[in-house]
Amino acid sequence: MNQSGNYCWRCGKERIVVRSWEEKVGTSVVTTTETACPDIECQKLVEKANKKRVDKFKASQLKRKRSLTCKRKNLKDKHLLK
Ligand SMILES: [Zn+2]
């Protein structure tokens, strides 16, 4: 498999494949590979940064979901009033 182009964004080292698995997406099967930086210390920092990003994303998603649910609830209430 050609792994070119998969480099650590922190140190620029070529990332190594930790594990790979097949996932069914719709009707096709896609191979997902998990890669990590060969530099353990660097990888730790990368994971930390990724987690921060994911947490931020999750928080914003939750906020959106909440406001959507709120809107939907208001709509429902209006319908009930009719
Ligand atoms: Zn790195």
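Bear in mind that the values in this text are calculations on the coordinates, not laboratory data. Note that this is a predicted model, so its numbers are computed, not measured. A quick note on method: Cβ atoms are made from the backbone with ideal geometry, for glycine too, and the neighbour counts reach across all protein chains shown.
The table that follows gives values for the structure above.
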{"read-out": "Filter result for the condition that a residue is within 16 Å of the ligand (Cβ to nearest atom) and β-branched (Val, Ile, Thr), over 69, 35", "value": "35"}
{"read-out": "Of residues in the stretch 13-32 being surrounded by 10 or more Cβ atoms within 10 Å (Cβ to Cβ) and not in a strand (DSSP E or B), the one nearest to the ligand (Cβ to nearest atom)", "value": "13"}
{"read-out": "Hey, residue 59 surrounded by 10 or more Cβ atoms within 10 Å (Cβ to Cβ), among the aliphatic types (A, V, I, L, M) and more than 11 Å from the ligand (Cβ to nearest atom) or not", "value": "yes"}
{"read-out": "The lone exception for residue 44 - which of (1) within 16 Å of the ligand (Cβ to nearest atom); (2) assigned to a strand (DSSP E or B) it fails", "value": "(2)"}
{"read-out": "Cβ pairs under 8 Å, 6+ apart, first in the stretch 15-33 and free of Cβ contacts under 8 Å to residues at least 24 places away in the same chain, second small (Gly, Ala, Ser)", "value": "15/36; 16/36; 18/36; 31/20; 32/20; 33/20"}
